[in-house]
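Nothing in this text is a laboratory measurement; each read-out follows from the coordinates by a stated rule. Here the structure is a predicted model, which means the values were calculated and not measured. Cβ sites come from the backbone with ideal geometry, for glycine too, and all protein chains shown count toward neighbours.
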Amino acid sequence: MSSLSEANTHFAIDLFQQIRQLKQENIFYSPFSITSALAMTSLGARGQTASEIEKVLHFNGITGSTKGGATKDSVSHRGENSGNVHHQFQNLLTEIKKPSDAYELKVANRLYGEKSFAFLQEYIDNVKKFYLASAESADFVHASEESRKKINSWVETQTNEKIKELFPKDSFDSVTVLVLVTAIYFKGKWLQEFKKENTVQEKFWLNKETSKSVQMMKQTTFLNFTLLEDMKVKILEIPYKCKELSMVVLLPDEVDGLQKLEDQLTAEKLIEWTSPQNMKEGLVDLHLPRFKVEESYDLKDTLTALGMVAAFNNADFSGMTGTRDLVVSKVVHKSYVEVNEEGTEAAAATGIEIIRKSGPIPDTFHCDHPFLFFIKHNKTNTILFYGRVSSP
């Protein structure tokens, strides 16, 4: 593994395999948002705490040089590899945050520290440098509820009011000293919008016996497409305007084929299946339901199961404060996605002229039963959002 985007894909699939054991219905989250928050934490972690976080995020497999002046002292005391990861994050965030007229994509990181607690200036500076994050002080000791509202309000603003109440009532108390928050928001229009007059009520099969009525969008157009005959799965890339971002849909041939796909899904397979050399452009008869998914996750048990144990109990975050008196108390994540004829709006706390050949027979891609999807930033090949639609 050589890049941060590959590490992010591995983490995305690891998370999915954990979450699907607990949830049979829709799933939606931002692996990029969660990685950002944990990476900011790892910047101040030392020893076993650091190695566990880096292993869970697959940072231990990232190679490359530390261009940009990361030194042993300025980033961490664990050597070049860790510094390289944080530099890659700096470059990745800079690329993803570039303004575009084609879509709206906001990624915001912020650190809230208890005002009576002395954080090392080096840590605050590095969080700003590598994660383009601002540091704010909060009064968790005397005004924990006001601090909660302040943080929630910031998240709501950053996600165009799609993520409300990230931290529920009584989330903080007088022992809270540090809250790391990352928010991501995306709103994009399809390169080829669906015509609203073509949307009709159709059946979506939840399983072989049960269906529900959904608003099914339809269009026939040229798209990147691949067929995995051995897996009995089709994969389709639906680009957003300017092709800087895309939604990729993995659709089993069979109504009840999702379980088999999920059982066999690995990051390596996903990277291979969706690589440009395996996707070929063709005429596709696409049926895609309108859907909206809102989810929230408490990730403490999930991350512990993946191997991030020390951070929650016997932690060493001396890179933040100089002392070993901090532990992570909770990791929460909320997400929102809405897909319609115009495009997609998604949040989490992140044209080509085609000449038609004469009369080709279109491949069918009818999403009328459960499927997986992800939204990626194409230039960096980074998965921003990942999900499963079991019931639109």
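Quick look at the numbers
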| read-out | value |
| --- | --- |
| At most 16 other Cβ within 10 Å, DSSP loop - GluC sites (Glu not before Pro), segment 245-289 | Glu254 |
| Order of Cys367, Cys242 under a 10 Å beta carbon neighbour criterion, fewest first | Cys242, Cys367 |
| Whether segment 92-179 is rounded, prolate or oblate, judged on the alpha carbon gyration tensor where a/c under 1.5 counts as rounded | oblate |
| Proximal aspartates and glutamates to Lys98, defined as alpha-carbon separation beneath 15 angstrom and excluding residues fewer than eight positions away on the same chain | Glu244 |
| Pair Thr210, Lys195: separation of 7 Å Cα→Cβ label points (nm) | 3.6 nm |
| Neighbour-count ranking [beta-carbon atoms within 10 angstrom, fewest first] of Asp230, Asp368 | Asp230, Asp368 |
| Reachable lysines from Lys212, criterion Cα separation under 20 angstrom, eight or more residues apart if same chain | Lys23, Lys203, Lys292 |
| Computed Rg/Rh of the chain, alpha carbon atoms with Kirkwood Rh | 0.99 |
| Pair Thr157, Glu145: separation of 7 Å Cα→Cβ label points (nm) | 2.3 nm |
| Residue order, fewest to most beta carbons within 10 Å, for Thr210, Thr302 | Thr210, Thr302 |
| Nitroxide proxy distance, nm - points 7 Å out along Cα→Cβ at Lys232 and Ala118 | 6.6 nm |
| Lysine pair number, Cα distance threshold 17 Å (strictly under), segment 224-276, separation 8 or more or different chains | 5 |
| Integer Hz, Karplus 6.51/-1.76/1.60 couplings in order for segment 262-278, x for Gly and Pro | 5, 4, 9, 6, 10, 4, 4, 5, 4, 4, 5, 4, 9, 5, x, 5, 9 |
| Pairs of alpha carbons in segment 202-361 whose separation is greater than 30 Å (percent) | 36 percent |
